[in-house]
Amino acid sequence: MRTHRAGALRAEHIGAQVRLGGWIHRRRDLGGLIFLDLRDRDGIVQVSVGPDWTPSDVIESVLEVTTESVILVRGKVVGRPQEARNPEMATGDVEVHADAIQVVGPAHLEALPIPVWRTKGEDPPSEELRLLHRHLDLRRPELQRNLALRHRLLQRTRATLTDLDFYEVETPILTKPTPEGARDYLVPSRVHRGQFYALPQSPQLYKQLLMVAGFDRYFQVARCFRDEDLRADRQPEFTQIDLEASFVSPEDVYGVLETLFVALWEEAGFAVSAPFRRLPFDEAMERYGTDKPDLRFGLELEDVSELVRGFRAFEQILSEGGRVRGIRVPGGAVLTRKDVDALTELARHAGLGGLATLKHQDGKLSGPLSKIDGMSAGAARLEDGDLLVATAGPDSLTSVVLDRVRRAVIARLALVPTQEHGFAWVYDFPLFEWDRESQSWLVAHHPFTAPHPDDVERLLQGDRSAVRALHYDLVYNGHELGSGSIRITDSEVQLLVLDLLGISQQEAERRFGFLLRALRAGAPPHGGFAVGFDRVVMLLAGADNLRDVIAFPKTTAARALFEDAPTELDPAELSELALKVDNA
RNA sequence: GGGGCUGUAGCUCAGUUUGGUUAGAGUGCCGGUCUGUCACACCGGAGGCCGCGGGUUCAAGUCCCGUCAGCCCCGCCA
């Protein structure tokens, strides 16, 4: 049907007889001359319809056809007159003089509630309409580009990991519910009335079994499902590049992923180099207040306890051995009262008393902290125009607040990053976390993460507080791109960790018996990683929302508007599954 | 589960602060003129359940209550 794609035509095609197929993006009817912008996957080319080269019956038919209709065009590629070239179009040096046009897919006005074409600067249609008419939204060149990039990144992933000796293996979608972690999406069994499968939150246990089975290196483009509330960067079903390797240390895993990420960034047109920075968890929390710091900026957190000694609001916390931590913000004096109030509200919301500030402007100090006896710009190390923000409380709270303050200040002052690509490995995470709500120790990541060898002794003594895990996250510009760990391969250690989580041996055998049996059958040391692929595509596409890199995403209420899911079932269907719905 | 923002013409938005004449603009759509446009230009026209339900009022797009939907955030996401 076609000889070329419309968007692929260039000066080198001048003189060629071509047949094209595509959508009418725009039309400009000058009376005696009609221009059609013909759009396909590769872009847009101008089709020119004029009496000197187009039969009159074809001109007649063009007058009838609506935008977004699908047409087949036969014609000749010609160079445009010099003054009529369009340097803003990839195809702008040429146009197609049509001698035949066939409307093969007419578009009806009532089927086009949202426009594909937009004027410059016009806001896109509402998210609701875009999702409801997704087939139209996806026609937009921007989303076509995003999904094309996604395709290339996927293929590059497959090629890179295949080069590194990884096998791509598929694992089940219908699997076993897991009480820990996120809520499962459940699937009722028809054959086994009253029993349920779960959709996988990740292929974690399967990939460990593949290592026990001797596949040595595995990866998968794995769809994962978690029934939790959404965010701009979180969808209920999402794609992980899941991988696992045998006989590896954390450094071996870092090496594989650095090769992969350098390749992916190159695919998107960015040169980055490995190795990435290494940052222990404790250091990340101390210097940035978060385990996923944006390393493109300075603005590190500091202990300013000594500097602010004598400030009444902090006295009690300091006398109880607590700390005052703060951030020096170069140029922060331009922040308005309103800005500072918003930051203070952040702190209050998190459960701290508030924020205290010290401003150095026009040679004078101001702000609550300026009232401390003997305070000076020199002592506070503030240049003229700088601002110090400080707060007191437990580290767990000041970290959270100062991380948010740091990010808010970076955004508000539109600071210039010191580097473009801030990759880092964060490692030495704690194995357990104290959960205030349940007043119990929970596993920080998943219960198959190996403890740090240096901390196993403490673990054996039942001390959960200071045990590090062989767990690592890959962080990029303040985003977590993925995480992984070395796994437990000793069934006794596995039982111990489960025991420390309050899972008895009997219960462990019942729930994870298949894993324990596998570990006892000759398990190689192994570890791996899972990349949040959607988020990677989002960042590389420059999108600010996951929905713009997923063909058919869900709304924040986890609905699919286009196909209208989820949906109610007929009583007969429920009955076959032995289900009763209680909507009360 | 909680908080915030938004909902007015097919689409994108004004109008809501301070209730008051016939609810506007751009774009799209329809009709007309136009042979070098590319946000074509120009002339004319049609198009409204102001998300939905209730209330206050002489009077509601505008105030109050509820509800639905979309988006953003907190909780949640081993």
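The values are calculated or read from the model by the stated rules, or taken from the named source; none is laboratory data. What you are looking at is a predicted structure, and each value in this text was computed from that prediction instead of being measured. Backbone-built Cβ (ideal geometry, glycine too); neighbour counts: all protein chains shown. Keep in mind that these areas ignore ligands, DNA and RNA; they rest on the heavy atoms of the full protein, side chains included. Shrake-Rupley method; radii C 1.70, N 1.55, O 1.52, S 1.80 Å.
Given the criteria closer than 29 Å to A:Ala466 by Cβ, part of a strand (DSSP E or B) and open to solvent by less than 10 Å² (accessible area, probe 1.4 Å), does A:Glu302 qualify? Give the derivation first.
Numbers: closer than 29 Å to A:Ala466 by Cβ: yes; part of a strand (DSSP E or B): yes; open to solvent by less than 10 Å² (accessible area, probe 1.4 Å): no.
So A:Glu302 fails the test.
If the condition is being in a loop (DSSP other than H, G, I, E, B) and either over 33 Å from the mean Cα position of the chain (by Cα) or acidic (Asp, Glu) (or both), then region A:370-399 contributes A:Ile372, A:Asp373, A:Gly374, A:Met375, A:Ser376, A:Arg381, A:Leu382, A:Glu383, A:Asp384, A:Gly385, A:Asp386.
Within this structure, A:Gly79 passes the test of being more than 30 Å from A:Asp564 (Cα to Cα) and open to solvent by less than 40 Å² (accessible area, probe 1.4 Å).
Among the residues of region A:161-171, the ones that are surrounded by 14 or more Cβ atoms within 10 Å (Cβ to Cβ) and assigned to a loop (DSSP other than H, G, I, E, B) come to 4 in all. Condition check for A:Leu335 on (1) in contact with a helix residue (DSSP H, G or I) (Cβ under 9 Å, 6 or more places away or on another chain); (2) free of Cβ contacts under 8 Å to residues at least 60 places away in the same chain; (3) crowded, with 18+ Cβ neighbours inside 10 Å: one failure, at (2).
Total residues in region A:231-251 satisfying the condition of being away from RNA strand B (no atom under 13 Å from the Cβ) and assigned to a loop (DSSP other than H, G, I, E, B): the figure is 3.
Are any residues in region A:203-230 open to solvent by less than 40 Å² (accessible area, probe 1.4 Å) and out of contact with any helix residue (DSSP H, G or I) (no Cβ under 8 Å at 6 or more places or on another chain), and if so, which ones? Listed by number, the residues that qualify are A:Pro203, A:Gln204, A:Lys207, A:Leu210, A:Met211, A:Ala222, A:Cys224, A:Phe225, A:Leu230. Only a single criterion out of (1) hydrophobic (A, V, I, L, M, F, W, C); (2) surrounded by fewer than 17 Cβ atoms within 10 Å (Cβ to Cβ); (3) within 30 Å of A:Lys76 (Cβ to Cβ) is not satisfied by A:Leu174, namely (3).
All conditions in (1) without any contact (Cβ under 8 Å) to a residue 24 or more places away in the chain; (2) more than 14 Å from RNA strand B (Cβ to nearest atom); (3) within 25 Å of A:Pro524 (Cβ to Cβ) hold for A:Val212, with the sole exception of (1).
Please find, within region A:432-462, the residue that is farthest from the chain's Cα centre (by Cα) out of those that are more than 11 Å from RNA strand B (Cβ to nearest atom) and open to solvent by less than 20 Å² (accessible area, probe 1.4 Å).
From region A:432-462, those more than 11 Å from RNA strand B (Cβ to nearest atom) are A:434, A:439-440, A:450-462; that's our starting set.
Checking the rest, the ones that are also open to solvent by less than 20 Å² (accessible area, probe 1.4 Å) come to A:450-451, A:455, A:459.
On the way: A:Ala450: 26, A:Pro451: 28, A:Asp455: 33, A:Leu459: 34 Å.
Going through the qualifying residues, I end up with A:Leu459.
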